[in-house]
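Notes for the one structure printed next.
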Amino acid sequence: MEDRKKFSLGYYLIIFSLILFLETIFFSGTAVKEISYSKFKNLIRMNKIQNVIIEPDRIYGLEKGPATEGKTKPDAALSQEQSNFTPHQKHTPWYLDFGELAGKRQQKRDRQFTVVPLKDPQLLQDLQRHDINYRGKIESHWFSHFISDWIIPLGLFFLLWSFIMRRMGKGSNFLSMGKSKAKIYEVDSSQKVSFEDVAGVDEAVEEVKEVVSFLKEPNRYTRLGAKLPKGILLVGPPGTGKTLLARAVAGEAGVPFFSLSGSDFVEMFVGLGAARVRDLFKDAKTKAPCIIFIDELDAVGKSRSQGVYTGSNDERENTLNQLLTEMDGFDPQVGIIIMGATNRPEVLDSALLRPGRFDRQILVDRPDLAGRKEIFKVHTRNLSLNKDVNFHTLAAETPGFAGAEIANVCNEAALLASREGSSTVSHHNFQDAIERVIAGLEKKNRLINPHEREVVAYHESGHAIVGHLTPGADPVQKVSIIPRGIGALGYTLQTPLEDRFLMSRSELLGKIKGLLAGRAAEELVFGEVSTGASNDLEKVADIVRNMLTVYGMSRHAPNLSLVEKNQNPFLGQGPMLQQRSEKLEEIIDEETQEIIRTCYEDAKQILIKEKEKLKDMAHILLEKEKIDEQDILEILGPQAWKKSAN
Ligand code: ADP
Ligand code: MG
Ligand code: ZN
């Protein structure tokens, strides 16, 4: 496609230059000097004109040449001039003649001129008086006019038009401008992607499968009154297989699958993106049950509040609004599921994530050790491997790799093997390939070195242990030391725990202890702290401030709310604090520090008591990179403090 476009662009250029070329040829005959009317009259008066052709909108004239100077019979002069050529023609070759003829022509052209005619009833009398040969002429240079008035403007228009068309995308014309570019995913058996091809992200695959089964058997779910999900959002770092997963859905769902990328909506013409969304949903409704997949959702779904001061993109906003409207506008019973994918959930407009829109999020995270092993297997299926290839070692050597990077490693290894001239890919090829990919990655996102990994393992184990043993701390479901992508961060951001529970003071304190335990564990094991806890500390500061100023939980100034009622929307969000007295401020500062100090001390005590478990857990983490609730229970035993009712 790309090649053909380039070809046709060259085509237009050729045609265009041809037109220009023709134009210069046909116009060269008329490219003569233009003189003013007064000068023209002067020439007549001075008897310097040989003959004149009068057209309605132009007068062409020929000055007398040197040979005919002084002669008054122009016709005779002309014929004499012509007769000059004839003797030569017999003796000289035609091309010399031609040159001579061209030379004469050039001389003649120098004497030609044109004048813009004025209303001058005297003109004919003057011409007659000076015995100048004149005649009228109706037919103009129709051919050159045809070119200059029609062909060139049309050509230019055509060029512009085709340029616009090319910007609009392949195969479209003006009539289909607002039509969506979504293509129904053809189920081409040669490159059909199945769930088998997506490895290492089993939980995400399970969730997606479940959603697909909603579509296939809606009755099973709606019978019990359950609502079908409308939108599911695949969230995760780049290269973890979000697009791949969507393609697997397309291959396996057995329903029409509309697929397009968010950037397709953002068009050069105002209103087109919105039209495209409308069209897409109209199409989808006729094909239901079906799936709409919008890749790179952040391209359309960026928060509308962003860019208020930098000048927002109205076009994108219109598109987003249209998308929201359409998502609200259909009944989930018709069986349309909208899938989105993004690496940057944190920039999405919060309206997109509300119930009834992309209300279900599926985390597609970087794979753990076992997951990487599986992905290695998937991507070496078609390679002939040497017996010495050990997937376990390979997976262990690629912490933090996403699926795309592993695919890259496998490809690179095969290339290295073939460069060596060997018929199979061996283990050392993979190792070389890993080194190459790491070198490339190091520039992009820092990979963790072994010491850092150990620190992280103890830090996370600290959180887990204190969280498990302290009432009120967030229950621990999973601990992982896989380098977190932004995806995971965004994931937790969207479920603010604080608003969901009525929390007691001791529960809040427990939460703080859990948050501080990461750093406490570092201090305990390594004797110093790292920067890894900054996010925890931020959350701690937030909780403590709310305890003292919003919830009135201060010991020294109890039941005092410092929230200002009249919030000024221009001074930022969140509760604005009242002017407080200096003394009150001191009390609160002191108490803040006190709470943090005691919580940290408590966390540390718990960890000292459970030092063995801390070690065990960190070792398991270093080995497996990820442990789930089951493993945690095995190491730590059941949560003693948990009420049976909960
Ligand atoms: P994303 O859309 O999340 O950025 P892609 O789905 O485009 O990532 O992944 C790019 C390529 O990397 C895929 O085509 C596939 O070859 C490989 N890949 C990524 N994740 C996986 C995975 N979980 N299992 C197998 N291959 C994967
Ligand atoms: Mg993608
Ligand atoms: Zn932490």
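No value in this document is a laboratory result; all are computed from the given coordinates. Every value quoted in this text rests on a predicted model; they were computed, and no experiment measured them. For neighbour counting, all protein chains shown are included, and Cβ atoms are generated from backbone atoms with ideal geometry for every residue, glycine included.
So the values come out like this:
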item: Order by protection proxy (mean Cβ within 10 Å, highest first), peptides 285-298, 108-121; result: 285-298, 108-121
item: Sequence-distant residues sharing a close amide H with LEU385 (under 5 Å, placed H); result: VAL425
item: Rg over Rh, two decimals, the range 369-439 (C-alpha only, Kirkwood Rh); result: 0.92
item: Ranked packing of 216-229, 420-433, most packed first, by mean Cβ within 10 Å; result: 420-433, 216-229
item: Aspartates and glutamates with Cα under 15 Å of LYS285, excluding same-chain neighbours fewer than 8 positions away; result: GLU326, ASP328, ASP331
item: Charge dipole magnitude, Cβ of K and R +1, D and E -1 - the range 369-439, Cα centre, debye nearest 20; result: 220
item: Residues whose placed amide H lies under 5 Å from that of PHE293, excluding near-sequence neighbours; result: PHE258, SER259, LEU260, MET339
item: Calculated SAXS-style log₁₀ I(q)/I(0) at q = 0.26 Å⁻¹ - the range 332-379, Debye, Cα scatterers; result: -0.99
item: Of LYS192/LYS230; LYS377/LYS539; LYS387/LYS624; LYS287/LYS478; LYS302/LYS377; LYS302/LYS626, pairs whose Cα-Cα distance is over 29 Å; result: LYS377/LYS539; LYS287/LYS478; LYS302/LYS377; LYS302/LYS626
item: Within the range 507-569, trypsin sites (Lys or Arg not before Pro) in DSSP loop having at most 11 other beta-carbon neighbours inside 10 Å; result: ARG555, LYS565
